[in-house]
1. For a quick check of your reading of the model, give me the residue pairs whose first member lies in region 77-90 and is more than 17 Å from VAL65 (Cβ to Cβ), whose second is loosely packed, with under 14 Cβ neighbours inside 10 Å and among the polar types (S, T, N, Q), with beta-carbon atoms closer than 7 Å and at least 6 apart or on different chains.
2. Within region 61-90, how many residues are over 13 Å from LEU5 (Cβ atoms) and assigned to a helix (DSSP H, G or I)?
3. Out of everything in region 1-40 that is modelled with pLDDT of 85 or more, more than 22 Å from PRO86 (Cβ to Cβ) and of a type in the set (D, E, K, R), what residue ends up being surrounded by the fewest Cβ atoms within 10 Å (Cβ to Cβ)?
4. Kindly evaluate ARG58 against the criterion of being of a type in the set (D, E, K, R), surrounded by fewer than 11 Cβ atoms within 10 Å (Cβ to Cβ) and assigned to a loop (DSSP other than H, G, I, E, B).
5. So, in region 61-80, exactly how many residues are surrounded by 11 or more Cβ atoms within 10 Å (Cβ to Cβ) and either modelled with pLDDT of 85 or more or of a type outside the set (A, V, I, L, M, F, W, C) (or both)?
6. Restricting to region 1-15, count the residues that are under 16 Å from LEU91 (Cα atoms) and outside any helix (DSSP H, G or I).
7. For region 17-26, what are the residues that are of a type in the set (S, T, N, Q) and outside any helix (DSSP H, G or I)?
8. Any chance region 81-88 includes a residue that's at pLDDT 80 or above, surrounded by 14 or more Cβ atoms within 10 Å (Cβ to Cβ), under 20 Å from LEU21 (Cα atoms) and aliphatic (A, V, I, L, M)?
Amino acid sequence: MVDELAADFEARATVVAVARLSELSVIEDGVIEYLPSGATRWVSDEDNAISEAFGVPRNPVSILVVGGIEADRWLGSTPVTDICNPLDEMLGLYE
């Protein structure tokens with residue numbers, strides 16, 4: 001789902017997947033399997049610093065950040081329309 005979202009919004013937004021609590025080789029395998037389009041940027045959070053900074057209690061979580069400020073958050077598996085609609089609205093404000 002994240003990769004589809006990234007591909008759909010690629011020209012208008014950057015989607016970053018944060019992989020945490022795993023070794024880099026495991027993360028890289030997951031990137032190949034789950035992010036095949038190349039549209040999703042990813043980062044390893046092996047030391048959990050990113051998750052702690054954003055107050056992420058568990059995976060998966062989606063956070064919409066606009067201008068460095070958190071605009072919305074979804075915990076757990078979320079239907080793509082629940083993310084696309086607010087993202088579309090937010091991006092419309094900046095076009």
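The values are calculated or read from the model by the stated rules, or taken from the named source; none is laboratory data. Not measured: the values here are computed from a predicted model. A quick note on method: Cβ atoms are made from the backbone with ideal geometry, for glycine too, and the neighbour counts reach across all protein chains shown.
1. Sorted first by the residue in region 77-90, then by its partner, the list stays empty.
2. So the count comes out to 2.
3. Taking the candidates together, the pick is GLU33.
4. yes
5. Count: 6.
6. 7
7. SER22
8. Taking every residue of region 81-88 in turn, none turns out to be at pLDDT 80 or above, surrounded by 14 or more Cβ atoms within 10 Å (Cβ to Cβ), under 20 Å from LEU21 (Cα atoms) and aliphatic (A, V, I, L, M).
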